[in-house]
Amino acid sequence: LFAGEVTFLKGVVAMDGLPPDDRPEVCFAGRSNVGKSSLINALTGRKGLARASNTPGRTQEINFFTLAESHYLVDLPGYGFANAPVAIVEKWQRLLKQYLSGRASLRRAFVLVDARHGIKSVDEEIMTLLDRSAVTFQAVLTKTDKLKASELDKVLDQVRGKLAKHPAAYPELVLTSSEKGDGIPLLRAIIAGLA
Ligand code: GTP
Ligand code: MG
């Protein structure tokens with residue numbers, strides 16, 4: 001699947017702008033700055049495909065990428081703090097929640113969690129919404145290159161404990177570093193298996 005072509009399809013700002021739900025789709029959700037866009041770039045091997053930056057609130061639309069003409073990869077705006085006006089942020093958050101709870105072709109939501117911080121209350125809110133909407137989600141730890149193994153173990157305990165309370169959580173965690181490439185082949189294989 002990831003040997004195929006990947007192209008940017010469109011940025012969506014309202015539910016009526018979503019492309020037809022005619023193919024399997026996976027999305028990347030998570031707090032602002034957690035590394036969603038960077039992960040999409042690492043997965044596709046295309047550095048500048050999804051816009052990434054150090055400014056929280058970089059991704060401001062629901063961005064659709066076509067993968068091998070058969071799947072969509074979806075880069076979502078972050079939740080939590082963003083460097084943007086409150087009214088605008090609220091608009092994205094509404095759209096994000098509508099999308100996550102009402103997209104028939106969504107096969108799995110990857111919920112990205114910064115390996116240094118673990119699961120926060122805003123993550124749990126999103127996870128609860130996914131439980132209610134019966135959207136299977138899988139936690140992906142990001143930026144693992146920034147931690148020592150012993151620090152990572154602690155966070156893993158916290159993450160596993162929290163996930164156990166969410167019926168829609170897929171139990172397997174994926175540990176990634178977009179910078180070093182760790183976990184990227186595994187995540188590609190998981191996505192390819194969701195056809
Ligand atoms: P928003 O669109 O603002 O919600 O952010 P995002 O979740 O898309 O994060 P983005 O990919 O823009 O990355 C945020 C910052 O984290 C950037 O400065 C990235 O270079 C950095 N970053 C992302 N992934 C990694 C990683 O695996 N390791 C390290 N060290 N830094 C990373
Ligand atoms: Mg982004």
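The values are calculated or read from the model by the stated rules, or taken from the named source; none is laboratory data. Just so it is clear, the structure is predicted and the values come from calculations on it, not from any experiment. Backbone-built Cβ (ideal geometry, glycine too); neighbour counts: all protein chains shown.
Checking S53, S38 one by one, the residue that is part of a loop (DSSP other than H, G, I, E, B) and farther than 24 Å from A104 by Cα is S53 and no other. Residue pairs whose Cβ atoms lie under 7 Å apart, sitting 6 or more positions apart in sequence or on different chains, and linking a residue in region 116-137 that is over 20 Å from G102 (Cβ atoms) to a partner that is at pLDDT 95 or above and in a helix (DSSP H, G or I), are R116/K146; G118/V155; G118/Q158; G118/V159; I119/Q158; I119/V159; I119/K162; E124/K162. Within region 12-40, the set of residues being surrounded by 13 or more Cβ atoms within 10 Å (Cβ to Cβ) and closer than 16 Å to H71 by Cα comprises L18, P19, D21, R23, P24, E25, V26, C27, F28, I40. Do any residues in region 175-186 that are in contact (Cβ under 8 Å) with a residue 24 or more places away in the chain have Cβ atoms under 9 Å from those of residues that are acidic (D, E) and more than 16 Å from ligand 2 (Cβ to nearest atom), where the two are at least six apart or on different chains, and which pairs are they? Final answer for the pair search is L175/D182; T176/D182; S177/D145; S178/D145; E179/D145; K180/D145; D182/D145.
Return the residues of region 138-168 that are over 14 Å from the mean Cα position of the chain (by Cα) and among the aliphatic types (A, V, I, L, M); say none if nothing qualifies. Give the steps one after another, and end with the answer.
Here is the first cut: in region 138-168, the ones over 14 Å from the mean Cα position of the chain (by Cα) are 144-168.
L147, A149, L152, V155, L156, V159, L163, A164, A168 - these are the residues of region 138-168 that are over 14 Å from the mean Cα position of the chain (by Cα) and among the aliphatic types (A, V, I, L, M).
For region 1-18, the set of residues classified as farther than 13 Å from D75 by Cβ, at pLDDT 95 or above and touching a Ser or Thr at 6+ places or on another chain (Cβ under 9 Å) consists of T7 only. With respect to (1) within 11 Å of ligand 1 (Cβ to nearest atom); (2) at pLDDT below 95; (3) not aromatic (F, W, Y), the lone exception for G48 is condition (1).
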